[in-house]
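Derivation of every value follows stated rules applied to the coordinates shown; laboratory data play no part. Being a predicted model, the structure only gives us computed values, none of them experimental. Every residue, glycine among them, receives a Cβ derived from its backbone with ideal geometry; neighbour counts consider all protein chains shown.
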Amino acid sequence: MLDNYIENNKKQLIQNLQELIQIRSVISPSNHPQKPFGDSIDKALNYILNLGQDLGFRAKNIDGYCGYLEFGTGKNLIGIIAHLDVVPEGTGWTYPPFSGIIHDNKIYGRGTIDDKGPLISSLYAMKAVMETTPINSRVRLILGLNEENDWKCIDYYKKHEELPSIGFSPDADFPCIYAEKSILTTYLKMDYSAYLNQSIVIQEINTYGNPLNVVPKICSIVLRINSIKITMPNFIQNLKNIIKETGFEIDIYKIDEKEVKLTSYGVSSHAAHPDLGINSISRLIVVLSKIFALYQINIELFDFFNTYIHTQYDGKNLGIAFEDESRKVNIKCRRFLF
Ligand SMILES: [Zn+2]
């Protein structure tokens, strides 16, 4: 019976999701004490609270900061933490961002995945359990309203409401994440002034404004020959040999008889998935460390990078590579969720 429930209610579920997407729940300035995140976010909250009440849940608006829908009885409180606010739509949409329109079996619109779709799915999953399966706990769908900005919603909730005994947040990759990676922003710095009289000198570095949390797609560097003993054709040939040896995609552009520009190409990806990207900066540094070594110039930073980081993203050479058995857990979760 539980299996058929969602199928039997699919039409209504999709319609509710479309209606929710049509509310442009982006944060806006507000002086209203009961609508701290603005009128449209408040509208989205009221939409869900009314819908939840119609579906038979207990509903609570927590001073406009957040809300919840709940069913069941018992000491345990299972929390499902979702949010109704979305980031601004930006530009470049194929379909209008607040239409909830369906094309090729897909719903389009800002917030469809993050996090309105998962929120509505959770609501109907709760309804399915409520109607078909007796449980001895309370289940509470917590409705965040400020997740995309300052998390004031959940701060307010924690101050004023009961915390779940156990919970999950349907706002990440499917099927399940039970631990989170951290991000460590590290700067490797060196004083380059002592190297300015070397036979090859770095004139210019360009990373094209790459954000910190994106694997860099492109970067370039300008090298200057500072010695009459090195000729440009010879220098370029050495660069070509090294680049060929690495197999990296790096262009060589001769600016004049003294300067050459190297442009390294990779594949951009979110920093959470470095395995999907190719780091253009790492590749260029590997080549630079080899070319400088060839001319007996020892740049400590490049040597360090080449030895301990190279093109790795798992910290193997640093001795910090680590893996757990999460994939096994994921398989179990997949079975559970289906
Ligand atoms: Zn989210």
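Defining a contact as two alpha carbons under 8 Å apart and six or more residues distant in sequence, what relative contact order in percent does segment 2-171 show?
Details: 313 pairs, mean separation 51.4, N = 170.
Relative CO of segment 2-171 lands at 30 percent.
A cut-off of 5 Å between modelled amide H atoms, ignoring neighbours fewer than 5 places along the same chain, links ILE200 with ASN226.
Principal-axis analysis of the Cα atoms of the chain puts helix 117-132 at an angle of about 40° to the longest axis. Taking a sphere under 15 Å around the Cβ of ILE78 and counting the other residues whose Cβ falls inside, with K and R at +1 and D and E at -1, yields a net charge of +2.
Geometric descriptor of segment 18-66, per residue, is 59 Å³ (volume of the convex hull of the Cα atoms).
Mind telling me which of ILE107, ILE142, ILE225 comes out most flexible in a GNM of the chain, alpha-carbon contacts under 10 Å? For the chain, modelled as a Gaussian network with Cα springs under 10 Å, the answer is ILE225. Quick one: helix 232-246 against the long Cα principal axis of the chain, what's the angle to the nearest 10°, folded into 0 to 90? Taking Cα atoms only, the helix is inclined about 40 degrees.
Over segment 2-171, the hull volume per residue, using the convex hull of the C-alpha atoms, is 108 Å³. Spatially, segment 206-261 and segment 73-112 are offset by 45 Å when compared through their Cα centroids. P(r) tail, segment 193-308: Cα-Cα pairs separated by more than 24 Å, 24% of all pairs.
Summary of packing: across the peptides 28-35, 249-256, the per-residue average of other C-beta atoms within 10 Å ranks them, highest first, as 249-256, 28-35. For the chain, the mean residue ellipticity at 222 nm estimated from helices alone is -10500 deg cm²/dmol, where every DSSP H run of n ≥ 4 contributes -39500 (n - 2.57) and the total is divided by all residues, rounded to the nearest 500.
Here the scattering of the chain is modelled by Debye summation over its C-alpha atoms, one equal scatterer each and no solvent; at q = 0.07, 0.11, 0.12, 0.15 Å⁻¹ the log10 of I(q)/I(0) is -0.48, -0.85, -0.92, -1.19.
Close amide H contacts of CYS219 (hydrogens built in the peptide plane, cut-off under 5 Å, sequence separation of 5 or more or a different chain): SER264.
Within a straight-line Cα-Cα reach of under 24 Å, LYS290 can be paired with the following lysines, leaving aside sequence neighbours fewer than 8 residues apart in one chain: LYS189, LYS217, LYS229, LYS240, LYS244, LYS254, LYS258, LYS261, LYS316. Excluding same-chain residues fewer than 8 positions from LYS11, which lysines have a Cα within less than 25 Å of its Cα? Candidates past the 8-residue exclusion: LYS43, LYS106, LYS116, LYS127.
Peptide packing for 125-132, 60-67 was compared via the average number of neighbouring C-beta atoms within 10 Å per residue; ordered from the highest value, the list is 60-67, 125-132.
How far is helix 326-337 tilted, in degrees, relative to the longest principal axis of the Cα atoms in the chain, given as a value from 0 to 90 rounded to the nearest 10? Result, in degrees: 30.
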